[in-house]
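Worksheet: one structure, shown below.
The values are calculated or read from the model by the stated rules, or taken from the named source; none is laboratory data. Model, not experiment: these values are computed from the prediction. A quick note on method: Cβ atoms are made from the backbone with ideal geometry, for glycine too, and the neighbour counts reach across all protein chains shown.
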Amino acid sequence: MRWAVVVFPGTNCELDCHHVVADVLGQPADFVWHKDTSLDGFDAVVLPGGFSYGDYLRTGAIARFSPIMGAVEEFAAAGRPVIGICNGFQILLEAGLLPGAMRRNDNLKFRCHDVHLRVENAATPFTNRCRPGQVLRIPIKHGEGNYHADRATLEELERNGRVVFRYVAPDGAVTPAANPNGSLNNIAGIINERGNVLGMMPHPEIAAERLLGMEDGRPIFESIVAYVEGTAGARWVPAAAARARSRETPGKGGAADGR
Amino acid sequence: MAADRKATARPWEEVGLTHEEYGRIEGLLGRPPNPVELGLFGLMWSEHCSYKTSKSSLKKLPTRGPRVVQGPGENAGVVDIGDGIAVAFKIESHNHPSFIEPYQGAATGVGGILRDIFAMGARPIAILDSLRFGELDEGKNRWLFGGVVGGIGGYGNCFGCPTVGGEVYFEPSYRGNPLVNAMCVGLVDRDQVFYGRAEGEGNPLILVGSKTGRDGIHGASLLASKEFDERAEERRPAVQVGDPFLEKLLLEACLELLNTGAVVGLTDLGAAGLTSAASEMASRGGHGLEIDLDKVPRRETGMTPYEVMLSESQERMLVVARAGREDDVRRVFAKWDLDAAVVGRVTAGGRLRVLEKGRVVADVPAAALAKDAPVYERPEAEPAYLDKTRAFDFAALPVPADLAGVLVRLLAAPDIADKSWVYQQYDHFILTNTVVRPGSDAAVLRLKGTRRGLALTTDGNGRYVYLDPRAGAAIAVAEAARNVVCSGAEPLAVTNCLNFGNPERPEIMWQFRRTVEGLAEACRALGTPVTGGNVSFYNETLGENIYPTPVIGLVGVLEDVERDQTTQWFKDEGDLVALLGPLGGVPAVGLGGSEYLKVVHGLVAGRPPALDLDLEARVHRACLRAIRAGLVKSAHDVSDGGLAVTLAEACFGGPGENAPVGAAIELPAAGPVAGGAAGDATSSPAARLDAILFGEDQSRIVVSLDPAGAARLRRIAAEEDAPLTVIGRVGGQALKIAVAGRPVIERPVAALKKLWKEAIPWLMK
């Protein structure tokens, strides 16, 4: 399989994502410049973290208009795996590929430290190498990771197993103290209705090697490989997908989202 | 602006020069300078750019060594670390801008040092920051501290270079003049190092990156080369504004461009903007430059030639390309949506000619600007306060009854307390190289594609230097090297940032010269040449000078990062705890200038701890050999707060699975003082409990090890002639310290850690 690592101006985790895919997993991977318009020949897409366009407007708000985003939308619509990490998650929200919006961290500061994530759904293309309920230690590094969505959207996400990762204490308990940024329901990562687009704030690419003291991020990339290569075990069939045909709430942003 | 006005009777004053300096300019030009030319000289002959006061002293620093590829005089120093890899690194100050506008001042300090590194062709891989503020009980100091930390994070996080280390101290002497010193480290192929030289007649001069505006005019001459008064805030317009996003694009574009082979030399535009970049490139390359100001992309209209030449607009670089390759440059920069404008060319001769609308507005020898500033041997005099501080009698100092209480107060003192409030605002993971994060003695980075690693640290203790500049400066080098050794690395080379008061005062000049002597002595003894740095004078507000504060940035190399990387935290119950180096215990030797003296007794007095550089080197060799032999599970240097604080910090545990753990320590009544023979355990009658526990005696490292390795460690220590004493065992939930069989401290580690961890967040609430 071949991986695309999309680079927007101001993306700064592209080298790290490429390193994990190419050097740690030994998978072919290419950088795709945001002015490109095609993702032909790729089997998985990574939107890495960073500060696209400086994030001087809302995070991700300009990047969603980059030429490559049309191809990303088509890629996602074809049911192929897209993972957005940190700024990549923010871009997916702005592009409407995932519902909800980001606000500034509740302490109004950039935060860089380890967090613990509970795997809430282990049957996705991104978590099939994890156990349900497994607690992963992976760092965050962001200033705007405070996930918000309206109540209906939240309920829909929760009901259909679309909350994939939740901030928890090391023992797996969901507590306010374990929530680093004020995200509703301690949400750290979600997938789209179809289950092939993941957005997550923590950075699995910096937690994939023993030498760096953290390896819990690697299974996320390995899961994608297993999914694409068809060696993943149970595939997640969104139970409610057949019933609920409610469209995603596009992340419209706007002043109400705050910054 | 001076150039726009009619000539005044004393034109030199407008640009911060003296009458004598003006006369020297007339002599060099053979005529009076026109206002634009005078402006150029005003900048380049400012203290900040010319080093006219410090130059003769700095010559005493050792700058050569087998690993040094580039010493002082370029954008950054470069050392060869083997495997075809070189490291470019430098530290610089941004003190005055940060006092006026903390967020942008600190942010642009980081931006400037990043550009210095990629100007050498290196990709920045780490930032470190050494900070000093007034005490946190004052609102203004909290505002400065918060703003500076925010600015460093704001720039580094967005740019995408991890901030992996540094230090923060709080002293009343910095309340009117905080210190913000930023260090950057980059990697470059050994044979791909670029230099800031203009060579090859006819080659185009290309200005790339951001457009030029009126921001930051007079940053170097008026902000950095003058002391502050109560009107300091009026100089806020001289502070630049940073755009880390643009700098990230500039980095990628520059590195892409350097790969095309189209570049002869490049340099960054920092202090003194185009003036400095052009005159230094020309002067280093032995050529001239012609600049056509009409070609400079601008962000505002109506700028005078003077303003364009002096602008300190950020995120700009000056490139000399090979003639005929202009389109390659344009193509790369167009990809990144950045300006690349041919603004001139390299000429024969050595003149810097500046044209506007076809008219020559300045025509001066480039070397006159960059090299011919006067060199001053300013008068010096030993400061009077030293008589008093040296005469301090420790016998008159009471030993506190509650020593555990003292330990608690020290752990909660902001100088010692946990700094995660700071570094958690910095991305310290990006680039996936961070093996040891902030919080241990030194940061450790792996070097992808090799077995090696880098250990990085900054160090400097203004109190010690205030009490004895020569000894204090030597301690800064020794401690930086010790930090790196504790992390498993061999110390390689040093960059320094020398922060001082107004050198026109003889006492400051005395402090400065003694400091440089101390640095030179320690760098020689420890084999760590100085490859560059920065001098920041005029750190004075309303007549109050800062403590003389040399900050040392030190780079070390780990032979095998997987095998050798070592942290300061105890690992396993049952491990032995040993002290490499002297036991200490004599107040006059270890308590002078200590954190204990300041926090508990409210005193800054005595002489700094005695330092025997030969003993220091032996301790380093023993520690490094033991680490490389796989004997050492943790190593932590003994510094602020002495042995008791060092032991507590070792108990606190690190990130991930490295949980807190207790230790039971048994100290003899006193050991050999610094310089004493190894194994000499005769008690000194002068030993006291407070000095044993909190003395900051030098050349000491607390290590922990599997008991099975004790005999081998003893052998290594004996072979290196380094004192070694087994002082206890790791285990339990409490830190227990007994001296001569009598328990003196027993506290649960969890309680100590809580106080240590919450001190700074509580103060910043």
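Under the condition of being of a type in the set (S, T, N, Q) and out of contact with any His (no Cβ under 9 Å at 6 or more places or on another chain), which residue from the range A:146-181 is surrounded by the fewest Cβ atoms within 10 Å (Cβ to Cβ)?
This residue is A:Thr175.
Here's a check for you: in the range B:147-168, which residue that is surrounded by fewer than 24 Cβ atoms within 10 Å (Cβ to Cβ) and in contact with a Phe, Trp or Tyr (Cβ under 9 Å, 6 or more places away or on another chain) is farthest from the other protein chains (Cβ to nearest Cβ)?
Result: B:Val168.
For the range B:262-273, check the following and say yes or no: at least one residue is within 14 Å of another protein chain (Cβ to nearest Cβ), under 15 Å from B:Ala340 (Cα atoms) and either crowded, with 23+ Cβ neighbours inside 10 Å or in contact with a helix residue (DSSP H, G or I) (Cβ under 6 Å, 6 or more places away or on another chain) (or both).
Within the range B:262-273, none of the residues are within 14 Å of another protein chain (Cβ to nearest Cβ), under 15 Å from B:Ala340 (Cα atoms) and either crowded, with 23+ Cβ neighbours inside 10 Å or in contact with a helix residue (DSSP H, G or I) (Cβ under 6 Å, 6 or more places away or on another chain) (or both).
Identify all residues within the range B:392-421 that are part of a helix (DSSP H, G or I), more than 11 Å from every other protein chain (Cβ to nearest Cβ) and not charged (D, E, K, R); write none if there are none.
B:Phe394, B:Ala395, B:Ala396, B:Leu403, B:Ala404, B:Gly405, B:Val406, B:Leu407, B:Val408, B:Leu410, B:Leu411, B:Ala412, listed by residue number.
Looking at the range B:673-695, can you tell me whether even one residue there is surrounded by fewer than 22 Cβ atoms within 10 Å (Cβ to Cβ), farther than 25 Å from B:Ala622 by Cβ, modelled with pLDDT under 95 and in contact with an Asp or Glu (Cβ under 9 Å, 6 or more places away or on another chain)?
No, because not a single residue in the range B:673-695 is surrounded by fewer than 22 Cβ atoms within 10 Å (Cβ to Cβ), farther than 25 Å from B:Ala622 by Cβ, modelled with pLDDT under 95 and in contact with an Asp or Glu (Cβ under 9 Å, 6 or more places away or on another chain).
Which is over 23 Å from A:His19 (Cβ atoms) and either over 12 Å from the mean Cα position of the chain (by Cα) or away from every other protein chain (no Cβ under 14 Å) (or both), of A:Arg162, A:Arg137, A:Arg129?
Selected residue: A:Arg162, the only one of A:Arg162, A:Arg137, A:Arg129 that is over 23 Å from A:His19 (Cβ atoms) and either over 12 Å from the mean Cα position of the chain (by Cα) or away from every other protein chain (no Cβ under 14 Å) (or both).
Out of the range B:550-584, which residues are in a strand (DSSP E or B) and under 20 Å from B:Ala622 (Cα atoms)?
Selection gives B:Leu554, B:Val555, B:Gly556, B:Val557, B:Leu558, B:Thr567, B:Leu576, B:Val577, B:Ala578, B:Leu579, B:Leu580.
Among the numbered criteria (1) within 14 Å of chain A (Cβ to nearest Cβ); (2) over 16 Å from A:Gly54 (Cα atoms), which single criterion is violated by B:Leu250?
The one condition B:Leu250 does not meet is (2).
When A:Glu144 is evaluated against the numbered criteria (1) without any contact (Cβ under 8 Å) to a residue 40 or more places away in the chain; (2) within 18 Å of A:Asn87 (Cβ to Cβ); (3) within 14 Å of chain B (Cβ to nearest Cβ), which criterion, by number, is the only one it fails?
With respect to (1) without any contact (Cβ under 8 Å) to a residue 40 or more places away in the chain; (2) within 18 Å of A:Asn87 (Cβ to Cβ); (3) within 14 Å of chain B (Cβ to nearest Cβ), A:Glu144 is out only on (1).
I'm told A:Ile85 meets every condition in (1) surrounded by fewer than 24 Cβ atoms within 10 Å (Cβ to Cβ); (2) within 14 Å of another protein chain (Cβ to nearest Cβ); (3) touching a residue at least 12 places away in the same chain (Cβ under 8 Å); (4) at negative phi except one. Can you identify the failing condition by its number?
So A:Ile85 meets the others, but not (1).
Of all residues in the range B:330-348, count the ones that are more than 27 Å from B:Asp363 (Cα to Cα) and either without any contact (Cβ under 8 Å) to a residue 24 or more places away in the chain or not hydrophobic (A, V, I, L, M, F, W, C) (or both).
So the count comes out to 5.
So in the range A:99-115, with the set limited to residues that are in a strand (DSSP E or B) and under 15 Å from A:Leu184 (Cα atoms), which one is farthest from the other protein chains (Cβ to nearest Cβ)?
A:Ala101
Please enumerate the residues belonging to the range B:643-661 that are farther than 15 Å from B:Gly590 by Cβ and out of contact with any Pro (no Cβ under 8 Å at 6 or more places or on another chain).
B:Leu647, B:Ala648, B:Glu649, B:Ala650, B:Gly654, B:Pro655, B:Gly656, B:Glu657, B:Asn658, B:Ala659, B:Pro660, B:Val661
For residues in the range B:645-664 being farther than 14 Å from B:Pro748 by Cα and in contact with a Phe, Trp or Tyr (Cβ under 6 Å, 6 or more places away or on another chain), which is modelled with the highest pLDDT?
It comes out as B:Gly654.
Select from the range A:49-65 the residues that are under 17 Å from A:Gly199 (Cβ atoms) and of a type in the set (Gly, Ala, Ser) and write down the one among them that is nearest to the other protein chains (Cβ to nearest Cβ).
Among them, the one singled out is A:Gly50.
Okay, residues lined up against (1) under 34 Å from the mean Cα position of the chain (by Cα); (2) among the hydroxyl-bearing types (Ser, Thr, Tyr); (3) more than 30 Å from B:Glu20 (Cα to Cα); (4) surrounded by fewer than 23 Cβ atoms within 10 Å (Cβ to Cβ):
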| site | (1), (2), (3), (4) |
| --- | --- |
| B:Ile291 | no, no, no, no |
| B:Glu300 | no, no, yes, yes |
| B:Glu312 | yes, no, no, no |
| B:Val332 | yes, no, yes, yes |
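If the requirement is being within 13 Å of the chain's Cα centre (by Cα) and either assigned to a strand (DSSP E or B) or not basic (Lys, Arg) (or both), which of these qualifies: A:Gly54, A:Gly96, A:Gly84, A:Gly26?
Testing whether each residue is within 13 Å of the chain's Cα centre (by Cα) and either assigned to a strand (DSSP E or B) or not basic (Lys, Arg) (or both) leaves just A:Gly84.
Quick test for you: out of B:Glu649, B:Glu666, pick the one residue that is surrounded by fewer than 19 Cβ atoms within 10 Å (Cβ to Cβ), more than 14 Å from chain A (Cβ to nearest Cβ), within 24 Å of B:Asp572 (Cα to Cα) and of a type outside the set (Lys, Arg).
Result of the check over B:Glu649, B:Glu666: B:Glu666.
Tell me which residues, restricted to the range B:188-203, are of a type outside the set (Lys, Arg) and surrounded by fewer than 22 Cβ atoms within 10 Å (Cβ to Cβ).
B:Asp189, B:Asp191, B:Gln192, B:Val193, B:Tyr195, B:Glu199, B:Gly200, B:Glu201, B:Gly202 - these are the residues of the range B:188-203 that are of a type outside the set (Lys, Arg) and surrounded by fewer than 22 Cβ atoms within 10 Å (Cβ to Cβ).
Which of the residues spanning the range B:349-366 are small (Gly, Ala, Ser) and either in contact (Cβ under 8 Å) with a residue 60 or more places away in the chain or within 14 Å of chain A (Cβ to nearest Cβ) (or both)?
B:Gly349, B:Gly350, B:Ala362, B:Ala366
Scan the range A:178-220 residue by residue and report those that are assigned to a helix (DSSP H, G or I) and within 14 Å of chain B (Cβ to nearest Cβ).
Within the range A:178-220, A:Pro204, A:Glu205, A:Ile206, A:Arg210, A:Leu211, A:Leu212, A:Arg218 meet the criteria.
Matching residues to (1) facing another protein chain (nearest Cβ under 8 Å); (2) hydrophobic (A, V, I, L, M, F, W, C); (3) surrounded by fewer than 21 Cβ atoms within 10 Å (Cβ to Cβ); (4) in a loop (DSSP other than H, G, I, E, B):
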site	(1), (2), (3), (4)
A:Val5	no, yes, no, no
A:Asp16	yes, no, no, no
A:Val21	no, yes, no, no
A:Asp30	no, no, yes, no
A:Ser38	no, no, yes, yes
A:Val46	no, yes, no, no
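Of the residues B:Val422, B:Val360, B:Val343, only one is modelled with pLDDT of 95 or more, surrounded by 17 or more Cβ atoms within 10 Å (Cβ to Cβ) and within 30 Å of B:Pro305 (Cβ to Cβ); which?
After ruling out the rest, the residue left standing is B:Val343.
Name the single residue, out of those in the range B:128-146 being touching a Gly at 6+ places or on another chain (Cβ under 9 Å) and without any contact (Cβ under 8 Å) to a residue 40 or more places away in the chain, that is surrounded by the fewest Cβ atoms within 10 Å (Cβ to Cβ).
B:Lys140
List the number of the failed condition for B:Thr304; all other conditions in (1) at pLDDT 95 or above; (2) over 23 Å from B:Gly202 (Cβ atoms) hold.
Of everything listed in (1) at pLDDT 95 or above; (2) over 23 Å from B:Gly202 (Cβ atoms), B:Thr304 misses just condition (1).
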